[in-house]
Amino acid sequence: MCGIVGYIGQRDAAPLLLEGLQRLEYRGYDSAGIAIGAKAGKAGGSGKAGGPAQAGALKTAKAKGRVRDLEARLPKRFSGTTGIAHTRWATHGAPNDENAHPHLDATGQVALVHNGIIDNASELRAKLIADGVEFSSETDSEVLAHLIGRDPSETLEEKVRGALRMVDGTYGIAVLHAAFPDRIVVARNGSPVVLGIGEKEMFVSSDVAALVRHTRQVVTLDDGEMATVKADDYRTCTTEGSRTSAAPTTVEWEAESYDMGGHDTYMHKEITEQADAVDRVLRGRIDDRFATVHLGGLNLDAREARAVRRVKILGCGSAYHAGQIGAQLIEELARVPADAEPASEFRYRNAVVDPDTLYIAVSQSGETYDTLAAVQELKRKGARVLGVVNVVGSAIARETDGGVYVHAGPEVCVVSTKCFTNTAVAFALLALHLGRIRDLSVADGKRIIAGLRRLPEQIAEILRGEERIAGLAAEYANAKSMMFVGRVRGFPVAREASLKLKEVSYVHAEAYPASELKHGPLALIEPAVPTVAIVPDDDLLEKNRATLEEIKARSGRILAVAHQEQEKADHTIVVPKNEDELDPVLMGIPLQLLAYHSALALGRDIDKPRNLAKSVTVE
């Protein structure tokens, strides 16, 4: 969601901050802003270590809209070597200039950018107003700026710490103070903050995407941790004041991974990268000798794996749909009862946490707040939790007992494509691993491995049919609504395809199990509401064909995704056949292209759909 960028060093900060914001545009936002401080390293006037200097003015600029709108608004004289910047996704208050970050305190000496939500903001705002403070925005974030500015402590760190003691909620913050021009103070609780280590310069961000062009050495803060960042040093501690030792790690992704690479959109680039991405998630993990796979980070030995009596998978959005595919794979291959549930629902119900259940948290970013909160609640109750994530070192990767990285590479478009596919393949690996520990035969293990190895070329084959799918998208894009149906293995594919179409084209779509059509949704079928049907060649083929008959009998148009032409369908997208268990991985890919080309035909902002954000780090 919201994006934070900060810089302190010897270079002019504004161009670096604007570039960083542009790197974070994919997260989704509606306004942007920047604050520039005095030259880093200016001597403190108090004579005390870390004491205040003679206060100078902070320079700020804010704008509703895109980063380019902010850039156009910057005054000609807007230089300085320390600064923070922000892209805002509205929660409290409408998208406008006043509600954009950074927010200042009453004196104009404190500038703050904030990701997250302050739960007790209304109460704190009322107290501040009673004390005579005038607010200039409707946001919860401005409360923090005033609390920091009013704190009587002598150091900026203590001012921030004192303010944070008063707030409840989630935050990733970066703070400038005109009286302390040699530092930026940052803190994290539930919303990511990353430090970038440069040569006599330091960077701050909520996402490594803003850092990798300048450094690949990063420090990721934990919840309840804060840092003082200077041009040539950083120091971390808890928000209670105890020192911590956060060591830098190396980011595995190159800066070029975030470029479009000649494509018109990131979504198209990422769809076309899926053959290589799947090859990466398989590489080095297949064990032909024992017809299984090696998953070194699982931290689950054979005895513990055999003791698992149930698997519960938690995720949100596309991660939840990938978890549904994963649950089916685990049941089929490992013969362990498994199901998937939205993490956003699980954390709010009084779920029974069973010691014999293995919990798996799924998140592309590894920072999805609802999923992270569910992990923390499960850990508090003593559950074993694994993670299936894409970002190394992310919060969920650190909080879980072990897990599987999906190695999809950076995904910039708001809607997920290659991460979804790689997550489904990662679940196939996990299911095979658990199955071979339990009762899956060597022959079946070899069969699944052979199927996994066929996936990259089969994906490439599907992508070679893009032109025809684009033509079909143009034909169906103007539908007032679309129905997506699938049975058993096909149902998660239908749900994900329906979500993709909604997200990127804004065409209304619903997904149902094919067997449920006759229990109500058939009332919606008419020529203006086409149906996309998932029809694999498996033991349910004739059942699925009967569903097509039901739709045609009611004058419904049908687009089938199948392994062979379907007589009752108006159009069929034929995909290559793999093993039954792995077919869902392939059947979703042409529907990603269908959503993409539908959005293209309708003139949508494909990489940044309205109202959405890439990393959902608020409730």
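The values are calculated or read from the model by the stated rules, or taken from the named source; none is laboratory data. From a predicted model like this one, the values you see are computed outputs, not experimental measurements. Because the Cβ atoms are built from the backbone with ideal geometry, glycine has one as well, and the counts that use them run over all protein chains shown. Note: accessible area is taken over every heavy atom of the protein model, side chains too, but ligands, DNA and RNA are not part of it. Shrake-Rupley method; radii C 1.70, N 1.55, O 1.52, S 1.80 Å.
Across the accessible surface of the chain, with the other protein chains kept in place and a 1.4 Å probe, carbon and sulfur atoms take up 47 percent. With contributions of -39500 (n - 2.57) from each DSSP H run of at least four residues, the per-residue ellipticity at 222 nm computed over the chain stands at -10000 deg cm²/dmol.
What is the sum of charges, Lys and Arg at +1 and Asp and Glu at -1, for the other residues whose Cβ falls under 14 Å from the Cβ of ALA72? Please report the intermediate quantities before stating the final value.
On the way: positive: LYS62, LYS64, ARG66, ARG68, ARG73, LYS76; negative: ASP69, GLU71, ASP97.
Once all neighbours under 14 Å are counted, the net charge is +3.
Placing a label point 7 Å from the Cα of GLU345 along the Cα-to-Cβ direction, the residues of the range 491-507 whose backbone N falls under 15 Å from that point are 492, 495-496.
Counting lysine pairs in the range 47-192 whose alpha carbons fall under 30 angstrom apart, excluding pairs fewer than 8 residues apart on the same chain, gives 12. Only the Cβ atoms of Lys and Arg (+1) and of Asp and Glu (-1) were treated as charged; on that basis the dipole of the range 330-394 about its Cα centre amounts to roughly 300 debye. Protection proxy ranking for 337-344, 532-539, 564-571, 174-181, using the average of other Cβ atoms within 10 Å per residue and placing the highest first: 174-181, 532-539, 337-344, 564-571.
Please compute the per residue accessible area over the range 385-514 with all protein chains in place, 1.4 Å probe, rounded to a whole number of Å². Write down the numbers at each step before the final one.
Working: 3910 Å² over 130 residues.
I get 30 Å² per residue for the range 385-514.
Net charge around ARG309, counting only other residues with Cβ within less than 9 Å of its Cβ (Lys, Arg = +1; Asp, Glu = -1)?
Its environment carries a net charge of -1.
Candidates ALA187, VAL281, GLY198 compared by Cα position along the dipole of the range 154-294: farthest toward the positive end lies ALA187, with charges placed on Cβ.
Please compute the length gained on full extension between GLU550 and ARG283, using 0.36 nm multiplied by the number of residues separating them and subtracting their Cα-Cα distance. Write out the running numbers ahead of the final one.
Values: separation 267, 0.36 × 267 = 96.12 nm, distance 4.38 nm.
Result: 91.7 nm gained on full extension.
Measuring between their Cα centroids, the range 123-151 and the range 177-234 lie 25 Å from each other. A Cβ-based charge dipole, computed about the Cα centre of the chain with Lys and Arg at +1 and Asp and Glu at -1, lands at about 680 debye. Per-peptide packing, taken as the mean over residues of other Cβ atoms within 10 Å, places 360-369, 240-249 in the sequence 360-369, 240-249 from highest down. In summary, the lysines within cross-link reach of LYS418, defined as a Cα separation below 27 angstrom excluding same-chain residues under 8 places away, comprise LYS269, LYS312, LYS446, LYS500, LYS502, LYS577, LYS608, LYS614.
The GluC sites (Glu not before Pro) of the range 247-351 that meet both conditions, a loop assignment by DSSP and at most 14 other Cβ atoms within 10 Å of the site Cβ, are GLU254. Rounded, prolate or oblate: which fits the range 394-435 when a ≥ b ≥ c are the square roots of the eigenvalues of the alpha-carbon gyration tensor, with rounded for a/c under 1.5 and prolate only if a/b beats b/c? The shape class here is oblate.
Calculate the dipole size of the range 109-167 relative to its Cα centre from +1 charges on Lys and Arg beta carbons and -1 charges on Asp and Glu beta carbons; express the result in debye to the nearest 20.
That gives the range 109-167 a dipole magnitude of about 100 debye.
P(r) tail, the range 477-517: Cα-Cα pairs separated by more than 12 Å, 51% of all pairs.
So, by mean Cβ neighbours within 10 angstrom, what's the order for 473-486, 280-293 with the highest one leading? Mind showing how you got there, number by number?
Values: 473-486: 20.0, 280-293: 15.9.
Taking the mean over residues of other Cβ atoms within 10 Å, the ranking is 473-486, 280-293.
Overall form of the range 451-564: oblate. Here a/c, set by the Cα gyration tensor axes a ≥ b ≥ c, is 1.5 or more, and a/b is not larger than b/c. Classify the range 45-197 as rounded, prolate or oblate, taking a ≥ b ≥ c as the square roots of the eigenvalues of its Cα gyration tensor: rounded when a/c is under 1.5, otherwise prolate if a/b is larger than b/c and oblate if not. Judged from the Cα gyration tensor, the range 45-197 comes out rounded (a/c under 1.5).
Within the same chain, aspartates and glutamates fewer than 8 places from LYS381 are excluded, and of the rest, those with a Cα less than 14 Å from its Cα are ASP354, ASP356, GLU399, ASP401.
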